[in-house]
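First up is the structure itself, then whatever we jot down about it.
The values are calculated or read from the model by the stated rules, or taken from the named source; none is laboratory data. Note that the structure is a prediction, hence the values are computed from the model and not measured. Neighbour counts run over all protein chains shown; Cβ positions are idealised from the backbone, glycine included.
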Amino acid sequence: MILDRHDRINTTEIAARLRGLQAGETGFPTAEIDKFVDLMQVYEGAMYEISTKLDILDGEFQVRFEHNPIHHLERRLKSVNSIIGKLERKNLPVSVESIKDHLFDVAGIRVICNYRDDVYSVSNYLSGQSDIQVLRVKDYIKNPKQNGYRSLHVIYSVPVFLSSGAYYTPVEVQFRTVAMDYWASLEHALRYKADLPDARFAEHSQTLLDCARSLQNVEAQMQNIHRDINGAPQSEQT
Ligand code: GTP
Ligand code: MG
């Protein structure tokens with residue numbers, strides 16, 4: 001199942017938004033507007049290429065092993081406002097070149113898997129495909145962040161074929177289990193949405209760290225049951 005966080009891109013709407021921003025405080029160079037719209041179209045293509053590859057792998061696993069490794073996929077393109085906001089936060093010029101050179105998460109896909117084994121098998125099969133390249137890997141499952149965040153982040157470069165040729169385009173893919181996703185959603189809400197006094201924020205952060213550890217244990221135990229009933233060797237790892 002693929003969940004689109006937004007509708008297909010509407011180039012007229014993006015151009016209008018950029019012109020609106022330009023009229024306001026955040027200047028986006030006029031000459032760049034058409035280039036920006038073209039670029040977003042390429043990112044959208046890249047996002048579809050990678051999600052189709054993932055969907056095909058999931059289908060193959062279903063046929064061969066009667067197991068769907070992917071619970072669901074979510075995909076989104078970064079909004080114009082988030083793109084500009086991120087460039088400004090990083091003190092980078094607001095231009096199409098700058099987006100191409102510095103932002104690797106304009107096209108983003110989240111792959112929510114049933115088990116930790118699925119995270120690694122799906123990501124390995126995708127990374128091994130001969131037409132795409134792995135640009136960067138951050139394994140926050142083997143090395144969780146201090147707050148307890150776990151996920152495997154991979155940035156791929158995928159060719160998008162247009163009438164004028166192939167454009168290698170980055171797509172950020174976050175692979176995680178259902179439990180990791182459940183945790184990350186609440187942690188995100190705590191960090192970005194809640195306007196809490198410092199003491200309560202700290203208390204909730206600590207509780208979330210405990211929850212991350214508990215979820216990791218539950219996940220490891222359930223993974224072992226799943227391996228056992230599917231004939232794979234059990235593992236002691238947590
Ligand atoms: P930025 O893209 O500038 O943030 O840097 P980066 O690409 O080095 O970041 P990283 O790969 O570590 O994380 C990118 C994305 O992963 C974020 O936009 C979030 O979606 C997710 N993420 C990373 N850390 C956390 C976290 O601690 N909590 C949650 N809920 N999500 C996180
Ligand atoms: Mg990023």
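Taking segment 163-191 as the region of interest, how many residues are more than 26 Å from Phe36 (Cβ to Cβ) and aromatic (Phe, Trp, Tyr)? Steps first, please.
Of the residues in segment 163-191, the ones more than 26 Å from Phe36 (Cβ to Cβ) are 175-191.
Narrowing the set further to residues that are aromatic (Phe, Trp, Tyr) leaves 175, 182-183.
Count: 3.
Looking only at segment 88-115, residues that are without any contact (Cβ under 8 Å) to a residue 24 or more places away in the chain and within 13 Å of ligand 2 (Cβ to nearest atom) come to 3 in all. Within segment 153-195, which residues are in contact with a Pro (Cβ under 6 Å, 6 or more places away or on another chain) and either under 24 Å from Asp117 (Cα atoms) or within 16 Å of ligand 1 (Cβ to nearest atom) (or both)? Of everything in segment 153-195, those that are in contact with a Pro (Cβ under 6 Å, 6 or more places away or on another chain) and either under 24 Å from Asp117 (Cα atoms) or within 16 Å of ligand 1 (Cβ to nearest atom) (or both) turn out to be Ile155, Ser157.
Of the candidates Glu49, Glu13, Glu32, the single residue that is assigned to a helix (DSSP H, G or I), modelled with pLDDT of 95 or more and among the acidic types (Asp, Glu) is Glu49. Here Met222 clears all of (1) more than 29 Å from Ser51 (Cα to Cα); (2) over 24 Å from the mean Cα position of the chain (by Cα); (3) of a type in the set (A, V, I, L, M) except the condition numbered (1).
Listed here are the helices (runs of 4 or more DSSP H) enclosed by segment 73-130 that have at least 2 residues being buried (at least 16 other Cβ atoms within 10 Å of the Cβ) and within 13 Å of ligand 1 (Cβ to nearest atom): 80-89.
Look at (1) surrounded by fewer than 19 Cβ atoms within 10 Å (Cβ to Cβ); (2) in contact with a strand residue (DSSP E or B) (Cβ under 9 Å, 6 or more places away or on another chain) and you find that Ser163 fails only one, number (2).
The number of residues in segment 154-181 being in contact (Cβ under 8 Å) with a residue 24 or more places away in the chain and either part of a loop (DSSP other than H, G, I, E, B) or not aromatic (Phe, Trp, Tyr) (or both) comes to 19.
Among the candidates Ala232, Ala199, Ala184, Ala212, the residue that is outside any strand (DSSP E or B), at pLDDT below 95, surrounded by 11 or more Cβ atoms within 10 Å (Cβ to Cβ) and of a type in the set (Gly, Ala, Ser) is uniquely Ala232.
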